[in-house]
Amino acid sequence: MPPANLNRRFVLLLPLALAACGGNDEVAFNALRYNDLPPIQLNVASVKIEQRFVPSGVPPDVSNQDPSPPVEALKAMAGDRLQAFGTANQAVFAILDATLTREGNVILGSMAVSLTILSDTGTQLGFAEARVQSRHTGQLDHLRRVLYDLTKSMMIDMNIEFEYQIRHNLRSWLTNTVAPDTPVEQAPLSQSPGQPQSGQPQSGQPQSDQPVQPYQPPQNYPPAPAYPSSTPAYPPSQAYPTAPPDQAQPYQQPRYQPPSADQPYPPTQSPQ
């Protein structure tokens, strides 16, 4: 075969050979979606998504090299999770920040979103905001893979933080709030808050046919005070009679005894 034909064939097959060699580095990246997470149902008539941040697209910004740019991932989160279950008012989801920048071997990422509840007349009725940040330090031989993994990691944090801020600041606008506390009649005996008192039947258990005894306080009265001894404090001649009044002898005045002849009359007595 002439050398000219070999050179022509080599030139034609070179792009195919290079594409085959480079194809080993290309990886199919799945779009980041969040419809497998529990939906956030809002008591509004509609949900609006607004992009208030636009990446610059020039260094140090590298978000345009991300297989799943942060802006698109945040839009997917809002579209998959926010649902309108009301008849009035509007919820506005806004993308405030979706940055990926490169500084040498360091990739910095930051995201910020907000959710505003507006009345039909445009009055703000509620507001919540969520922010997350992350960074990657190391070799960047596969930049697209690093950017994709960093965005995926930040979106996991954003889903958690976003739902927390909504339940904390816009709880009254949710139709699927967290499960209520366990009722008292269904709470286990080991539960400290709202624990039923002993003797009270729980739900689903048969009640006893015996009537419930009324509550009686414990008979722990203080000891009786020590009274003085029955021995009278006065001499026996001056002690009060021990017989009851109905059995006591009637009082008899002693008869007058005149003094003897050699004893003068007392000053208070005179002969009769």
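The values are calculated or read from the model by the stated rules, or taken from the named source; none is laboratory data. This one's a predicted model, so the numbers in the text were calculated from it and none came from an experiment. As a convention, Cβ positions derive from the backbone with ideal geometry for all residues, glycine included, and neighbour counts pool all protein chains shown. What goes into the accessible areas is simple: the full protein's heavy atoms, side chains included, and nothing from ligands, DNA or RNA. Shrake-Rupley method; radii C 1.70, N 1.55, O 1.52, S 1.80 Å.
Worth a mention:
- Close amide H pairs (under 5 Å, H built 1.01 Å from N) link GLY126 with ILE117, residues at least 5 positions away or on another chain.
- Accessible solvent surface per residue of the stretch 56-138, calculated while the other protein chains remain in place, 1.4 angstrom probe, Å²: 43
- Backbone N under 14 Å from the ASP141 label point (7 Å along Cα→Cβ), restricted to the stretch 26-57: 26
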